[in-house]
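Just so you know, all these numbers are worked out from the coordinates, no wet-lab data involved. Owing to the predicted nature of the structure, the values given are computational and were not obtained by experimental measurement. Glycine also receives a Cβ, built like all others from the backbone with ideal geometry; neighbour counts cover every protein chain displayed.
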């Protein structure tokens, strides 16, 4: 048997077909090893080598029977026997198994690929968790692109004012809120006052707030204007208007956040200080009574930032009742 015949045994005319079939056999064995959880995948090599050697013995035995001087057709027929075909399949399957073990670096290639995919999945999951955490933090500062509801306009105005420090943009957004809606929220009205100070004088801003409150019938806007106006008489007049619009708004009856309502007048007579104390006690009592009708937090877009005025009012009530009793005794002594 010459070398040319031996090469034709290994690589016949249909050699690529045997490479494909052998590759499929090796991949199937690698995958079966992975599913079977074989402790040492190298064990796959030895059965493949042994089977390939046994088949080569049968194949070469058939080929060696043909004399070297025989016709080419007879030699070609000899190397196309079933034993030779099986030998070629196992030969290329053995080569495939070896290559897969090298690719798997001691494990099956399927297992290594699965591990890599698992690591990728773990990385993707970790990235997703990190992205979600970042999103949770940053989403609170995102503007509403196409605001429509009153909450949308307030959110944009608040973000511009508190997070982006853009007073002009905040002023534009809060004005748009009151052009389109009647929020009747105290924090929205307060934001209107805070943002508006960068664009208008105090007198202009308060006049505009009173106008908006009357036109939109927004009691909270009138209360906020009363909170910041100079005269107590003007403030009480605005609270009367606010009370006519919303009878359940406690601040429309008395505003503990306006110090002028509870401060004694310097240089006033005992009778004047008595009257001021009586008004303060009556106002705080009324505030507490009205606050029991409806949650005060409902008058805020962000009640978590609103002061607990009910607790404050209850704490101040006893103090001002004591002040009232003191001034009552002073007035009674002067009358004797």
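Miscellaneous remarks
- Spatial separation of Cα centroids for the range 313-336 and the range 206-274, in angstrom: 23
- Cα gyration tensor shape of the range 253-336, rounded if a/c is under 1.5, else prolate or oblate by comparing a/b with b/c: prolate
- FRET efficiency for the residue 164 to residue 215 pair, using the beta carbon distance and R₀ = 25 Å, is estimated at 0.30.
- Computed over the range 143-246: relative contact order in percent, which uses C-alpha pairs under 8 Å that are six or more apart: 19
- Shape of the range 175-316, Cα gyration tensor, a/c cut at 1.5: oblate
- Pairwise label distance in nanometres, residue 334 with residue 200, each label 7 Å out on the Cα-Cβ vector: 4.1
- Each Cα pair under 8 Å and six or more residues apart adds its sequence gap; the mean of these over the residue count of the range 253-336 is a relative contact order of 39 percent.
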